[in-house]
Amino acid sequence: MTDIVLNIDGKEVKAKAGMTVLEAAQQAGIYIPTLCHHEKLEAFGGCRLCMVEVESRGWTSYVVSCLYPVAKDIVVRTRSPKVDNIRKVLIEELLAHAPDAPELVKMAEEYGSDRNRFAREASFCVLCGLCVRYCDEVKQKNAVSFFDNGSVRQIAFVPEVAKKECWECQECFALCPTSYAQAAYLLTEALAFPGQRKTPAKSAKDLALKSRMIPITPVAM
Amino acid sequence: MPRLQSAAELEKYRAQILAGRNPAKPCIAVCAGAACDGMDSAAVAAAFVAAGAPLGDKIEVRTTGCHGYCEKGPNVVVTPGDICYFEVQPADVPEIIAATLKGEVVERLVYHDPNTGAKAVHMNEVPFYKHQTRLLIGDNPKIDPMRIDDYLAVGGYAALVKALSEMTPDQVLDEVKKANLRGRGGGGFPAGSKWETTKNAPEKIKYVIVNGHEGESAAFMDRAMLTGNPHKILEGLIIGAYAIGAQKGFMYTRHDMPLLEKHVRNALAQAKEYGLLGENILGSGFSFDVELHFDVGIFVSGESSALMRSIEGNPPEPRPKYIRTSVSGIWDKPSNLNNVETWANVPQIISKGAEWFTSIGSEKSKGTKLISLSGNVVNSGVVEVPMGTPLRTLVFDIGGGVRDGKTLKAIHFGGAMGGSIPADLIDAPLDFDGMSKLGAPIGAGGLLLMDEDTDMVEVARYLMDFLTKESCGKCVPCREGMKQMLQILTRITEGKGQQGDLERLEDLIQVTGVASLCALGKTSGDPLKSMFRYFKPEYEARIAAGSGEPK
Amino acid sequence: MCEKDIDGIIEKYRGQPSSLIHALVEIQHANHWLPREVMHRVAEALEVPFAQVMQIASFYKTFSLTPKGRHEVHVCTGMTCHLRGAAKLLAKVEEVTGLKAGETDAESKFTVETGACLGSCSIGPELIVDGKHYGRMTPEKAEAVLNSYE
Ligand SMILES: Cc1cc2nc3c(=O)[nH]c(=O)nc-3n(C[C@H](O)[C@H](O)[C@H](O)COP(=O)(O)O)c2cc1C
Ligand code: SF4
Ligand code: SF4
Ligand code: FES
Ligand code: FES
Ligand code: FES
């Protein structure tokens, strides 16, 4: 049942009520960059890279497409000088933490982001929350979680839970845009329960191919 | 005390209270508000109680919430006559009691003008008080917050009686809409329209909430109201719940003030005991209850959706969904949130009517506004003036100007999400829209004076530092943008500013302002914006000089 | 603080996940810090994932994940106190106690903390020791106040 028609980048797009603008765009083959979005997970609205310009009844506003519901007769622009500048700066801010993350490097090219604009603070994690939400919503293990708030927010594995659950799973590693999830896990293991591993990592080879191991600073837990 | 079963029973009970009180009997009100308490007013109150006990039939002693003039605490007010004594010490107590019994005044403890030496004995002669219109805070000296009877004695819960027995919920809502009551928590959003949204939301279960978080730095008037006169806010909340059709209310307030917690808990228990909360309030058929919740010390939890997450027991992260909390709030039910002061205005609007209310204030901002006056000001404290009052009145007539004989450099409103304006805009009126246009939105109403020595770069750095620590850190523009702005501001204050820093800051203000998830991030650049508007040369000079010293 | 009190608090909220914050606040008030083992018990009794307990406990400033000293010394760094000289006051407190904000000394005598406005700006700068407010502090007065604690 198709019941809503909206305009995205000059194209008439049909969508179902309750869909987000991102879903409507994806369905119509229109690309919008995302970082914290994952179709299996509840929308998070944290990275703000999917921000688009929406014109409705003469008002222009800037909204994140992964959460904004489609509505009749709205006009969506997925690119504009202002939207592009927002993305450029957000990517620059993230590159300060993860200068070599492939997804970010690719987006930086598209939006002309300068990876050296802001002072480096290579913490590697960009706090997209994919690992945390996957473990909570899909696996329901809560082995990895957010800690602290504001500018010192971080993710960390909870040793007591990770020890029991993670070795057999490791599914969140592949979701991580910076490969920090794996590093954080290995660090937790090394600090909190070293030498307990009996079998070799089941996907060690895939993981090694997918991402280089990165040096990290210990996370206070 | 048996539950009051009807409006008539409440009025009868009120008449009994009044009949048992003799207005001519002297009453000594000792302030136990936060500031006076910090100056050990407890010792003063104890001394009065000890000395007054044997004189029980001739004199009454009452401990109360904040009187307003916090600068000069411990404060004591003696009625009849509202004789104000300032900076009272336990040793002064016998003299005050003796004079009061004789109907005399202890001259050395009354207000003396610091310049002329002229005396002011009565409250309405003291410069700090005489330029105010104290509709909300004025009852504080008359009320022991632990005694509901004191609130009833000043006409408390009469508005609730009127609403429940003479008005339909729609009529109550209409009155509030006509009064054009605007939210006092920062946005100035019309309370009536927000109530209506929740009222009209399809869900049956609805909530009303008091935002008593008061996280804005240097704002302390909500705590003064909530600690000093909790029933006034509760009465407003019950009336609102009646109009909206809510069955349950929440009070969300600070965990770090034991006195506040004690007074609010006690007020809720007493209201329940008297039948003003619970099933079938005053026989009207309307039932409503209130739960108390505490923030645990982070600024962002004052934001409406974060506050609601916190009440649910979750981390206080603002919700990213594009749906208003008045439609989908606590546990996805329609939830109407208002600030302490907004609720406190409701009873008088119902009692005296919208027409009376709209006769006070400026064209678009009606009623009075509570202001926490502090910073480099001579007379700090909680101030209440009609909207539209020129800032000059607040700063000079009431505030007594700048401390230590210095000159005024800037006026800052609204804490870390507000702004600073230069001294030459002192004739601007206190008004939601007017002040926003000037770049210093009144926010919750924290007004800070900054003297000639204030380093404006340092002020911006300080505020940014506050926000980076007090935000949730969920969204990138806020978390990372503020971190970068703080780094740049820090290096400018250290004399290591670089060419291009101002442009970098402007870019960050812009992106953070548009892209952040909640109003904390969206307005985090506002203080800086106001600095660029009025104090930019200071920033440029600092960067150019490459030295840590201002100019 | 004896184990029994903590158990009592935990029992009071058993099976009520939405009371997590209440439970943690009460334990913090009574015990002055949240031992990891206690948080495990809270998680189990209230039926919330341990990670969520940790997340809440680390999110809010009020909760302490490390033991505190016998006396909690709080210097207000709110805006008025800041304008009225909180930095000098804090420097003095740090000098007298030998601690930086957030630290506790080896003898567990003092924990020094800073924090936002406490609502008594008129008497700033302020020092609060174990909940008792000391208004209009100067560095000299602060030294005397701290020395009066055992
Ligand atoms: C970061 C942040 C903190 C806030 N803190 C408070 C607060 O402490 N008290 C308050 O009443 N409103 C606060 N607000 C505003 C509330 O979100 C909300 O708008 C207000 O409580 C609504 O009440 P009102 O309409 O009566 O003003 C805050 C907003 C933000 C973004
Ligand atoms: S570890 Fe990876 S997946 Fe997890 S929050 Fe950080 S960047 Fe995202
Ligand atoms: S703007 Fe800041 S405080 Fe608001 S949701 Fe984003 S990170 Fe949290
Ligand atoms: S993808 Fe929409 S905010 Fe991250
Ligand atoms: S606290 Fe006593 S007058 Fe404000
Ligand atoms: S700034 Fe210190 S009490 Fe308000």
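The values are calculated or read from the model by the stated rules, or taken from the named source; none is laboratory data. Keep in mind that this is a model prediction, so the values were computed, not measured. Cβ coordinates were reconstructed from backbone atoms using ideal geometry, including for glycine residues, and neighbour counts include every protein chain displayed. The protein model used for the area step is the full one, side chains on, heavy atoms only, and it has no ligands, DNA or RNA in it. Shrake-Rupley method; radii C 1.70, N 1.55, O 1.52, S 1.80 Å.
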- Item | Among the candidates C:Thr80, C:Thr104, C:Thr97, residue that is buried (at least 19 other Cβ atoms within 10 Å of the Cβ), free of Cβ contacts under 8 Å to residues at least 40 places away in the same chain and away from chain A (no Cβ under 14 Å) | C:Thr104
- Task: Could you check, for the range C:29-52, whether at least one of its residues is small (Gly, Ala, Ser) and touching a strand residue (DSSP E or B) at 6+ places or on another chain (Cβ under 9 Å)?
- Result: yes
- Message: When you scan the range C:4-11, do you find a residue that is under 30 Å from A:Glu137 (Cα atoms), out of contact with any Gly (no Cβ under 6 Å at 6 or more places or on another chain) and surrounded by 20 or more Cβ atoms within 10 Å (Cβ to Cβ), even just one?
- Response: yes
- Message: Can you find a residue that is under 24 Å from C:Gln55 (Cβ atoms), open to solvent by less than 10 Å² (accessible area, probe 1.4 Å) and either among the aliphatic types (A, V, I, L, M) or touching a Ser or Thr at 6+ places or on another chain (Cβ under 7 Å) (or both) anywhere in the range B:285-296?
- Response: yes
- Please go through the range A:65-102 and pick out each residue that is touching a Ser or Thr at 6+ places or on another chain (Cβ under 8 Å), acidic (Asp, Glu) and open to solvent by less than 10 Å² (accessible area, probe 1.4 Å). A:Glu92
- Query: Quick one: B:Gly414 ticks every box in (1) without any contact (Cβ under 8 Å) to a residue 40 or more places away in the chain; (2) crowded, with 24+ Cβ neighbours inside 10 Å; (3) on the phi > 0 side of the Ramachandran plot; (4) not charged (D, E, K, R) bar one, so which box is it?
  - Reply: (1)
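Yes/no matrix, rows are residues, columns are (1) out of contact with any helix residue (DSSP H, G or I) (no Cβ under 8 Å at 6 or more places or on another chain); (2) more than 16 Å from ligand 1 (Cβ to nearest atom):
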| site | (1), (2) |
| --- | --- |
| B:Val290 | no, yes |
| B:Thr342 | no, no |
| B:Ile360 | yes, yes |
| B:Glu363 | yes, yes |
- Neighbours by Cβ (under 8 Å, 6+ apart or cross-chain): first from the range B:49-74, under 22 Å from B:Val383 (Cβ atoms); second open to solvent by 40 Å² or more (accessible area, probe 1.4 Å) and not aliphatic (A, V, I, L, M): B:Thr64/B:Lys142; B:Gly68/B:Arg134; B:Lys72/B:Glu87; B:Gly73/B:Glu87; B:Pro74/B:Asp40; B:Pro74/B:Glu87; B:Pro74/B:Gln89
- more than 14 Å from chain A (Cβ to nearest Cβ) and open to solvent by 10 Å² or more (accessible area, probe 1.4 Å): does that describe C:Lys88? yes
- Query: Which one of these is modelled with pLDDT of 95 or more and surrounded by fewer than 22 Cβ atoms within 10 Å (Cβ to Cβ): A:Val132, A:Val126, A:Val105, A:Val144?
  - Reply: A:Val105
- Query: Got a sec? Which helices (runs of 4 or more DSSP H) wholly within the range B:135-248 have at least 3 residues that are open to solvent by 40 Å² or more (accessible area, probe 1.4 Å)?
  - Reply: B:158-166, B:169-178, B:191-200
- Task: Determine whether C:Val73 is of a type in the set (A, V, I, L, M, F, W, C) and either open to solvent by 60 Å² or more (accessible area, probe 1.4 Å) or touching a helix residue (DSSP H, G or I) at 6+ places or on another chain (Cβ under 8 Å) (or both).
- Result: yes
- Report, ordered by the first and then the second residue, all pairs with beta carbons closer than 6 Å, sequence separation of six or more or different chains, a first member in the range A:171-196 that is more than 16 Å from ligand 3 (Cβ to nearest atom), and a second member that is among the acidic types (Asp, Glu) and in a helix (DSSP H, G or I). A:Pro177/A:Glu103
- Checking C:Ala45 against (1) within 13 Å of chain A (Cβ to nearest Cβ); (2) open to solvent by less than 20 Å² (accessible area, probe 1.4 Å), which single condition isn't satisfied? (1)
- Give the residue, chosen from A:Phe118, A:Phe157, that is within 14 Å of chain B (Cβ to nearest Cβ) and on the phi < 0 side of the Ramachandran plot. A:Phe118
- Task: Inspect all residues belonging to the range A:134-146 and state whether any of them is aromatic (Phe, Trp, Tyr), touching a strand residue (DSSP E or B) at 6+ places or on another chain (Cβ under 7 Å) and within 10 Å of chain B (Cβ to nearest Cβ).
- Result: yes
- Task: Could you please tell me which pairs satisfy a Cβ distance under 7 Å, a separation of 6+ or placement on different chains, a first residue in the range B:239-267 that is within 14 Å of chain C (Cβ to nearest Cβ) and over 21 Å from B:Tyr151 (Cβ atoms), and a second residue that is open to solvent by 20 Å² or more (accessible area, probe 1.4 Å) and part of a helix (DSSP H, G or I)?
- Result: B:His255/C:Val25
- Task: Scan the range A:30-55 residue by residue and report those that are farther than 24 Å from B:Val511 by Cα and open to solvent by 70 Å² or more (accessible area, probe 1.4 Å).
- Result: A:Glu39, A:Lys40, A:Glu42
- Message: Six or more apart or on different chains, Cβ atoms under 8 Å: show the pairs whose first residue is in the range B:523-534 and not assigned by TED's automatic domain parsing to the domain that holds B:Ala440 and whose second is outside any loop (DSSP other than H, G, I, E, B) and among the hydroxyl-bearing types (Ser, Thr, Tyr).
- Response: B:Ser524/B:Thr512; B:Gly525/B:Thr512; B:Pro527/B:Ser420; B:Ser530/B:Ser420; B:Met531/B:Ser420; B:Met531/B:Tyr539; B:Phe532/B:Tyr539; B:Tyr534/B:Ser420
- Task: Please verify whether the range C:111-126 includes one or more residues that are within 14 Å of chain B (Cβ to nearest Cβ) and either within 16 Å of ligand 2 (Cβ to nearest atom) or more than 25 Å from B:Val300 (Cα to Cα) (or both).
- Result: yes
- Single residue of the range B:464-492 satisfying the filter (β-branched (Val, Ile, Thr), open to solvent by less than 10 Å² (accessible area, probe 1.4 Å) and away from ligand 3 (no atom under 14 Å from the Cβ)) that is farthest from B:Gly401 (Cα to Cα): B:Ile488
- Note on the structure: Scanning the range B:421-463 for residues that are open to solvent by 30 Å² or more (accessible area, probe 1.4 Å), more than 14 Å from chain C (Cβ to nearest Cβ) and touching a Leu at 6+ places or on another chain (Cβ under 9 Å) gives B:Leu425, B:Asp427, B:Pro429, B:Leu438
- Residue by residue through the range B:217-234, note down the ones that are farther than 13 Å from B:Thr342 by Cβ and not aliphatic (A, V, I, L, M). B:Ser217, B:Phe220, B:Arg223, B:Thr227, B:Gly228, B:Asn229, B:Pro230, B:His231
- How many of the residues making up the range B:493-530 are buried (at least 24 other Cβ atoms within 10 Å of the Cβ), assigned to a helix (DSSP H, G or I) and of a type in the set (A, V, I, L, M)? 5
- Taking the range B:18-40 and keeping only residues that are open to solvent by 20 Å² or more (accessible area, probe 1.4 Å) and either part of a helix (DSSP H, G or I) or among the β-branched types (Val, Ile, Thr) (or both), one is left with B:Leu18, B:Ala19, B:Ala34, B:Asp37
